[in-house]
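Below is one structure, written out as C-alpha cells, with a few remarks after it.
The values are calculated or read from the model by the stated rules, or taken from the named source; none is laboratory data. Fair warning: this is a prediction, and the values are worked out from it, not measured in the lab. Note that we place each Cβ from the backbone using ideal geometry, even for glycine, and neighbour counts take in every protein chain shown. Just the protein is used for accessible areas: all its heavy atoms, side chains included, with ligands, DNA and RNA removed. Shrake-Rupley method; radii C 1.70, N 1.55, O 1.52, S 1.80 Å.
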Amino acid sequence: MLQLSREQLAQAYSQMCTIREFEDRVHNEFATGTIPGFVHLYAGEEASGVGVCMHLDDRDYIASTHRGHGHCIAKGCDVKAMMKEIYGRRDGLCGGKGGSMHIADLSKGMMGANGIVGGGPPLICGAALSAKTLKTGGVAIAFVGDGGSNQGTTLESYNLAKVWDLPAVFVVEDNGYAETTASGWSVGGSQLKRAEAFGMPGKQVDGHDFFAVSEVAKEAIDRARDGGGPSLLHVKLNRYYGHFEGDAMTYRAEGEVEKIRAKKDCLQAFRKRVLETGLMEAEQLDEIETQAKTLIDEAVSESEAAAPPTRDDLLTDVYVAY
Ligand SMILES: Cc1ncc(C[n+]2csc(CCOP(=O)(O)OP(=O)(O)O)c2C)c(N)n1
Ligand SMILES: [Mg+2]
C-alpha cells in the first residue's frame with residue numbers, strides 16, 4: 001500500500017473537508033438567491049480530485065469540468081477568491097466575470113473549469129505537449145465525467161495523447177449520470193477497454209476510497225512524469241446534490257443518495273481508516289474540520305461584503321495578449 005506521510009494525510013483531509021464545506025455552503029446560499037449564475041456541486045466526489053491532485057505541483061496542469069470547485073481547491077486555488085468569483089465579485093479569482101463554471105488560475109496550473117462537456121481533454125494535450133517539448137518535467141491531467149467520456153473531443157484526445165506519447169492522465173469521474181441520464185443508457189462498452197483500444201494502461205478505482213484513488217493516481221502520474229506516456233483512470237463515485245442547483249432529482253431512486261451518504265461517504269471512510277490505523281488522532285481530525293468551517297464562513301461573509309466589477313472592468317480581460 002502507498003505510504004503517505006502524516007503531513008500529506010492532514011493536507012488531504014483538510015482539502016476534502018474544505019471542498020465539502022464549500023459545496024454544502026454554496027448549496028445553502030444558492031437556495032437563498034444570493035448567488036448569480038449556475039452551479040454544479042462536487043460534494044461526494046472529493047476523494048477523486050484530492051487523491052489525484054495531491055501528487056501534482058505547480059509545474060503540472062489540470063483541466064476541469066463544469067463541476068469544477070473540488071478540482072480547483074485540490075489544485076491549490078485560493079478558496080476565498082473562488083467564493084468571490086462565484087458571487088461575481090470584482091476581486092474574485094477571474095475578476096468576478098467567470099463564475100462557477102469558468103474558475104481558472106494558470107499560476108496554479110488550473111486551466112479552468114469548463115462549460116463545454118469534453119472541453120478539457122484537448123486542452124491537456126496541449127499542456128502535456130508543451131511540458132514534453134520544454135522538458136519541464138510537468139504532467140497534465142484531464143478530469144472528465146461519464147457523459148464527457150463519450151464526446152468526440154475526449155476520444156480524439158486519447159488518440160493524440162498516445163501518438164504524441166504525452167505525459168497525460170485522463171481521469172474519468174463516473175458518477176453514474178450525465179444530467180438525468182444514467183450511464184447505463186449512454187456509455188457503450190467499457191472505459192478501460194476504450195483505454196486499451198488506444199494502447200493506454202487503464203485502472204478502475206473506487207472513488208469513495210481516498211487511499212485507493214491516491215495509489216492508482218500516483219502510479220499513473222509517476223509513469224507519465226517518467227516518460228511512460230498517457231493512461232486512464234476510471235473512478236467510480238457518486239454526486240450528492242442534483243446535476244445543477246435546482247435539480248429536483250426525480251430520476252434518482254428514493255433514498256438513493258441517503259444510502260450512499262450513510263455507507264460510502266469518502267470523508268467518513270477516511271476518518272475511520274486513519275483512526276483505526278492510528279495514523280491520525282480524533283482531535284486533529286476535528287480541528288481540521290473546524291478550520292474548514294471557519295475558512296468557508298469567512299469566505300462567504302467576505303464575498304457578501306465584496307464589490308461587484310465596475311463599468312470600467314467590462315472591456316478588460318476580453319482578449320489575451322500573447
Ligand atoms: C458540448 C456540451 N454538450 C452538452 C452540454 C450540456 N451539459 C452540461 S453538463 C452535461 C452532462 C455531463 O455529464 P458528465 O460528463 O457525466 O458530468 P457530471 O455532470 O456527471 O459531473 C451536459 C450534457 C454542455 N455543457 N456541453
Ligand atoms: Mg456524470
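Could you please put TYR319, TYR158 in sequence from largest to smallest accessible area, using a 1.4 Å probe? Walk me through the numbers before you get to the answer.
Numbers: TYR319 200, TYR158 0 Å².
From most exposed to least exposed: TYR319, TYR158.
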Task: Calculated diffusion of region 181-222, Stokes-Einstein form, Kirkwood radius summed over Cα pairs, 20 °C and 1.002 mPa s, µm²/s - done: 181
- [ ] Among the lysines, select those whose C-alpha is under 22 Å from the C-alpha of LYS236, and discard any that sit fewer than 8 residues away in the same chain.
- [x] LYS75, LYS193, LYS203, LYS218, LYS259, LYS263, LYS264, LYS272
TODO: With N denoting the number of residues in region 207-320, provide Rg(C-alpha) divided by 2.2 N^0.38 Å, to two decimal places.
DONE: 1.55
Open item on the list: Taking 35 Å as R0, compute the FRET efficiency from the Cβ-Cβ separation of ASP297 and ASP165 and round it to 0.05.
Closed with: 0.15
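From largest accessible area down, sort ARG89, ARG252; use a 1.4 Å probe on the protein chains. Don't skip to the end; give the middle numbers.
Numbers: ARG89 45, ARG252 20 Å².
Greatest to least solvent exposure: ARG89, ARG252.
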- [ ] Take the Cα coordinates of region 1-147, assign each an equal point scatterer, and use the Debye formula without solvent to give log10 I(q)/I(0) at q = 0.17, 0.19 Å⁻¹.
- [x] -0.94, -1.14
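From the C-alpha coordinates alone, can you work out the Kirkwood hydrodynamic radius of region 34-107, in Å?
Working: mean 1/r = 0.0805 Å⁻¹.
It is 12.4 Å.
Determine the equivalent ellipsoid of region 85-205 by diagonalising the alpha-carbon gyration tensor, then write out the semi-axes as square roots of 5 times the eigenvalues, largest first, rounded to whole Å.
26, 22, 10
Placing unit charges on C-beta atoms (Lys and Arg positive, Asp and Glu negative, everything else neutral), compute the dipole magnitude of region 58-163 about its Cα centre in debye, rounded to 20. Mind dumping the intermediate values first?
Details: 12 positive and 8 negative charges, 40 e Å.
The dipole of region 58-163 has a size of about 200 debye.
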- [ ] Report the accessible area of THR310, computed with a 1.4 Å probe over the heavy atoms of all protein chains in place, in Å² rounded to the nearest 10.
- [x] 70
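Assign unit charges at the C-beta atoms only (+1 for Lys and Arg, -1 for Asp and Glu), then state the dipole size of region 76-123 relative to its Cα centre in Debye, rounded to the nearest 20.
Details: 6 positive and 4 negative charges, 29 e Å.
Roughly 140 debye for region 76-123.
What share of Cα pairs, in percent, lie more than 15 angstrom apart in region 166-259?
Details: 2855 of 4371 pairs.
More than 15 Å apart: 65 percent of the Cα pairs in region 166-259.
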Task: Length released on extending from LYS135 to GLU258, taking residue separation times 0.36 nm less the Cα-Cα span - done: 39.6 nm
TODO: In Å and from the alpha-carbon atoms only, list the Rg and Dmax of the chain.
DONE: 18.9, 56
- [ ] Report VAL216's accessible area, 1.4 Å probe, all protein chains in place, as a number in Å² to the nearest 10.
- [x] 20
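Step by step: find N for region 139-202, compute 2.2 N^0.38 Å, then divide the Cα radius of gyration by it. What's the final number?
Details: Rg = 11.7 Å, N = 64, 2.2 N^0.38 = 10.7 Å.
My calculation over the Cα atoms of region 139-202 gives 1.10.
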TODO: Select from ASN114, GLY228, ALA305 the residue farthest towards the positive end of the dipole of the chain; place +1 on Cβ of Lys and Arg, -1 on Cβ of Asp and Glu, and compute about the Cα centre.
DONE: GLY228
Open item on the list: If the only charges are +1 at each Lys and Arg Cβ and -1 at each Asp and Glu Cβ, what is the size of the charge dipole of the chain around the Cα centre, to the nearest 20 debye?
Closed with: 880
Task: Exposure ranking of THR34, THR65 by accessible area [1.4 Å probe, largest first] - done: THR34, THR65
Task: Charge-dipole axis of region 131-268 as Lys and Arg at +1 and Asp and Glu at -1 on Cβ define it, positive-most pick from ALA212, TYR158, TYR251 - done: TYR158
Task: Of all accessible heavy-atom area on region 213-322, the percent that carbon and sulfur account for (1.4 Å) - done: 53
